[in-house]
Structure formats: structure tokens, C-alpha cells
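Following: one structure in C-alpha cells, then a few remarks.
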Amino acid sequence: MALISVFVVASAAVPYTETKDRPAKELNYSTEIVAGESSEFAMRLELGFFLQITDDPIRFRAFMSPPPVNRKGGYRVTILRKDYTFSPDIHMTMNIDGQEIESSMWPINRADGSSYIDFSRKQDYREIVNWNVGPGSDLGASLANAHHITMTWGNLKVALPDEQVRSLRTFVRNWGRMLHDEDMLCTNPMCTQGALNP
């Protein structure tokens, strides 16, 4: 009888010990940034986040699974229009409520959609349309609490209107809420605490 009981309990427990993927979640944001009302410059900023958690009960852990190859996530910039004076480079600074955050700009300048940067000499990026943004470490937390944002990229400086700042802040907070709901925000006291801390 004891053996049968062990078998029944083991059979019932097996489904809870399998490694399983939770349903995937995706969050996307897009906005057009214009440098002045009459400016010839405009760019589209796109943020895309893909989240799929894999539960591994045997090891008492859950981890983020990498996104599928066909899902391009992260921060992306597309130049929609510009004048001849625009001269971008591989550094961008965002001033968020007085805090300056440096991000790397990666030009999409190869046929396979990757970036090439020759650090040994100055390159001309004026004809590059698509860029990936390598966000600074504090960018997510700062955007989640942002009230005033100015951006400097090459010889361009633009202040985002209040409505745009609010929509960007809401999006980043929604991403943080999604991470919280999936228990992916760090709660360990050794972590650096912030508005967003995956």
C-alpha cells in the first residue's frame, strides 16, 4: 500500500517539475521626434521588448528566454527626414531631469543589418538611416520617472514635449509592471534599487 501511495504522489508531482515556458509577452512603442516646429529633421524612436519566462522547478529558478531571431527588440532609431547640416555620431546624450545619460549609437551600415564602426578614424554617418541604440545602464529607471527630456546627438539638440515624455514614461512603467508580474524585478537588497531593476 505504501508503494502505491508513493507512486500516486510521484505521478501527481511530475507535471510540476517539468521545465516549461510561460506565455510570451510583447510590448512595443513608437513616436516621432521632431527638432522644432519648422525643422527639416524628424526621426522615429521605437522601443520593443519581448518577454518569455522559462520555469525550471528542478533548479528552483525562472529565467528569461532569448527572443526569437525574427523579433527585433531594444531601442531603434530611423531618420525620417533631415537637412544637409545634420551630422550624427556614435554617441547620444539624454538629459533626464538634470541627469545626463550616455548611450551608444550603432549605425546599421552593413547588408546583413549589422553595424561597422572603425574606431581608428572618424567616419561619416550622414547617410545612415537606421540605428540601434545601446542604452546607458540608468536609462530605463530614469525614463520611468522622467518629466523633462532633452537629447543631444551629433550637432542636434531637441527637447521632447511634455506629452511625448508622459507617453514614454507610461510605456517604460508598463514594461516594469510586466517584469514585476513575472517576478523578474530584483528584490535582493544587494541589487541596485531603481524604478526598473530587472
Among the candidates 120, 104, which residue alone is among the small types (Gly, Ala, Ser) and either touching a Phe, Trp or Tyr at 6+ places or on another chain (Cβ under 7 Å) or at pLDDT below 90 (or both)?
120
Might you let me know whether the range 125-134 holds any residue that is basic (Lys, Arg) and modelled with pLDDT of 90 or more?
yes
Kindly provide the set of residues from the range 84-117 that are small (Gly, Ala, Ser) and surrounded by 14 or more Cβ atoms within 10 Å (Cβ to Cβ), ordered by number.
103, 104, 115
Counting only residues in the range 70-104 that are of a type in the set (D, E, K, R), out of contact with any Asp or Glu (no Cβ under 9 Å at 6 or more places or on another chain) and outside any loop (DSSP other than H, G, I, E, B), the one nearest to residue 52 (Cα to Cα) is identified as 102
Does residue 109 count as over 16 Å from residue 43 (Cα atoms), touching a Ser or Thr at 6+ places or on another chain (Cβ under 9 Å) and in a loop (DSSP other than H, G, I, E, B)?
yes
Do you know which of the residues in the range 128-165 that are under 22 Å from residue 107 (Cα atoms) and among the aliphatic types (A, V, I, L, M) is surrounded by the fewest Cβ atoms within 10 Å (Cβ to Cβ)?
129
I need every pair where a residue in the range 161-184 that is more than 14 Å from residue 30 (Cα to Cα) has its Cβ under 7 Å from the Cβ of a residue that is assigned to a helix (DSSP H, G or I) and not polar (S, T, N, Q), sequence separation at least 6 or different chains.
173/144; 176/144
Answer yes or no: is there a residue in the range 97-116 that is over 19 Å from the mean Cα position of the chain (by Cα), closer than 30 Å to residue 22 by Cβ and without any contact (Cβ under 8 Å) to a residue 24 or more places away in the chain.
no
State whether the residues of the range 46-56 include one that is assigned to a strand (DSSP E or B), farther than 21 Å from residue 178 by Cα, hydrophobic (A, V, I, L, M, F, W, C) and modelled with pLDDT of 90 or more.
no
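The values are calculated or read from the model by the stated rules, or taken from the named source; none is laboratory data. Computed from a predicted model, the values in this text were never measured in an experiment. Quick reminder, even Gly has a Cβ in these numbers, built from the backbone with ideal geometry, and neighbours come from all protein chains shown.
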